[in-house]
Amino acid sequence: MKSIICENYKIFIGENILRNIQLDSYKKICLLTDKNQKNNIIDYFLKEIKSEFDIIEIESSEINKNISSVLNIWNFLSQNNYNKNSLIINLGGGVICDIGGFCASTFKRGVDFLNIPTTLLSMVDASIGGKNGINFLGFKNQIGTFKNPISVYIDTNFLNTLETNQWLSGYVEIVKSALIYDSDFWTLLSSKFYKNHNINELIFKSLNIKKEIVEKDPFDKGPRKILNFGHTIGHAIESFYLNKKKKITHGKAIAMGIIMELKYSRTRKKNEIIKYIKSIYKEIEEVDINHLIKYLKHDKKNEDNLINFSILKDIGKCDFNNYINIDDL
Ligand SMILES: NC(=O)c1ccc[n+]([C@@H]2O[C@H](COP(=O)([O-])OP(=O)(O)OC[C@H]3O[C@@H](n4cnc5c(N)ncnc54)[C@H](O)[C@@H]3O)[C@@H](O)[C@H]2O)c1
């Protein structure tokens with residue numbers, strides 16, 4: 001088992017690692033997961049962890065990362081006398097990490113929570129960094145908190161049941177971390193087809209990049225914003241699809257966002273990056289920017305009519321706080 005030490009919590013990575021989790025100090029434990037049990041993640045968890053706990057299952061997917069799911073969870077915690085000696089375990093993808101972290105950090109002004117991410121995306125991104133958010137009025141991540149989990153257990157056995165589209169969704173965040181921070185990592189990634197990499201190695205590298213960036217700026221006031229590369233337009237695309245029948249994964253929206261945001265970049269490597277992303281996401285298509293304006297106007301980083309982009313200067317180098325007038329997009 002490998003580990004990464006963050007400011008006030010630890011991340012553990014490996015296979016069959018859940019049995020190392022220590023839960024003895026908690027009087028009450030609640031396991032939060034989603035209802036999509038085709039993946040048998042609860043069965044695997046129960047096999048590894050012998051403690052007693054309550055289980056809350058919420059509807060799966062982005063559309064349910066909302067205030068009604070939060071109200072149901074707060075209700076359950078309140079009716080079952082959860083308090084400062086309790087623990088919430090978030091077992092699932094980024095939606096579960098986000099909602100669970102939000103509920104835990106707000107209930108009784110904060111109870112401990114532990115993240116056990118089960119999708120590649122949540123392993124490399126959503127389970128660490130301390131941001132916990134929900135969507136509101138059809139716009140992405142409008143309400144949220146900053147609070148770190150007490151620890152994160154990344155058991156890569158969960159990846160065995162992941163569908164290809166979910167796998168790719170996480171892979172895009174790995175690609176993003178290389179693009180913004182580490183050109184050698186990009187060289188490694190782009191040297192092979194995504195399936196031929198050692199995934200544990202990629203997760204470890206990617207987490208270390210996010211950790212380093214977050215520790216420079218935990219509350220997203222400056223340099224942490226480079227993690228938003230591809231996400232300003234990517235989140236607008238996700239919001240656009242929230243209101244549509246056809247659904248899109250977070251990573252696919254970010255892949256489109258990266259391609260569209262590269263228009264504002266002067267790097268000579270644009271075509272190389274776009275070619276690699278398109279080799280992974282074969283049927284990727286851009287969304288007309290005019291459909292996204294309404295959502296871009298709600299981006300948290302905006303100043304008046306100016307949209308705040310993180311722009312790739314070169315592979316491994318990204319710049320933040322680049323403002324573009326909404327009329328010039
Ligand atoms: N807070 C942050 O820092 C942060 C960072 C990145 C993304 N996010 C958020 O994460 C969310 C996306 O996360 P996601 O892509 O994991 O989506 P998700 O949580 O909706 O999971 C995707 C699907 O995979 C299923 N699933 C989970 N584990 C599985 C497994 N082991 N095998 C098979 N299926 C499994 C889930 O049931 C779900 O249907 C978005 O809401 C995004 O905004 C947050």
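Per residue, the chain reaches -11500 deg cm²/dmol at 222 nm when only DSSP H runs of four or more residues are counted, each adding -39500 (n - 2.57). Model label points for Asn208 and Leu71, set 7 angstrom from Cα along the Cα-to-Cβ axis, are 4.6 nm apart. Listing Glu238, Glu48, Glu62 from fewest to most neighbouring C-beta atoms within 10 Å gives Glu48, Glu62, Glu238.
Considering every Cα-Cα pair within the chain, what fraction, in whole percent, is farther apart than 25 Å?
On the way: 26257 of 53956 pairs.
In whole percent, the long-distance tail amounts to 49.
Listed values for region 14-20 are Karplus-derived 3J(HN,Hα) couplings in whole Hz (6.51 cos²θ - 1.76 cosθ + 1.60, θ = phi - 60°), namely x, 9, 6, 9, 5, 5, 7, and x replaces Gly and Pro. Taking amide hydrogens as placed 1.01 Å from N in the peptide plane, the amide H of Ile89 sits under 5 Å from those of Cys30, Leu31, Leu32, Leu114, each at least 5 positions away in sequence or on another chain.
How much length, in nm to one decimal, is gained on full extension between Thr161 and Ile289, taken as 0.36 nm per residue of separation minus their Cα-Cα distance?
42.6 nm
Note on His197 and Arg19: with the Förster distance fixed at 22 Å, the Cβ-Cβ geometry gives a FRET efficiency of about 0.25. Between Phe76, Phe158, Phe193, the Gaussian network model of the chain with springs among Cα atoms under 10 angstrom shows the greatest mean-square fluctuation at Phe193. Approximating the spin labels as points 7 Å out from Cα along Cα→Cβ, the Tyr264-to-Leu46 distance works out to 4.8 nm.
Taking the Cα centre of the chain as reference, the dipole from Cβ charges on Lys and Arg (+1) and Asp and Glu (-1) amounts to some 160 debye. Of the beta bridges in the chain, as assigned by DSSP with both residues counted there, near 45 percent are antiparallel. From least to most packed, judged by other beta carbons within 10 angstrom and beginning with the fewest, Ile67, Ile5, Ile154, Ile73 follow the order Ile5, Ile67, Ile73, Ile154.
Cβ crowding within 10 Å, taken as a proxy for footprinting-reagent exposure, orders Glu303, Glu215 from fewest neighbours to most as Glu303, Glu215. Computed from the C-beta positions of Lys108 and Lys10 and an R0 of 35 Å, the FRET efficiency is 0.90 to the nearest 0.05. Considering the options Phe107, Leu227, Ile55, tell which one lies farthest towards the positive end of the dipole of the chain, charges being +1 on Lys and Arg and -1 on Asp and Glu at the Cβ, about the Cα centre. Working it through, the farthest residue towards the positive pole turns out to be Leu227. Helix screen, the chain: DSSP H segments with Cα axial length of 24 Å or more and mean Kyte-Doolittle hydropathy at least -0.5 are 164-181, 199-216.
Computed from the coordinates by the stated procedures, all read-outs in this text should not be read as laboratory data. Values in this document were obtained by computation on a predicted structure and should not be read as measured data. Glycine gets a Cβ as well: all are built from the backbone with ideal geometry, and neighbour counts include every protein chain shown.
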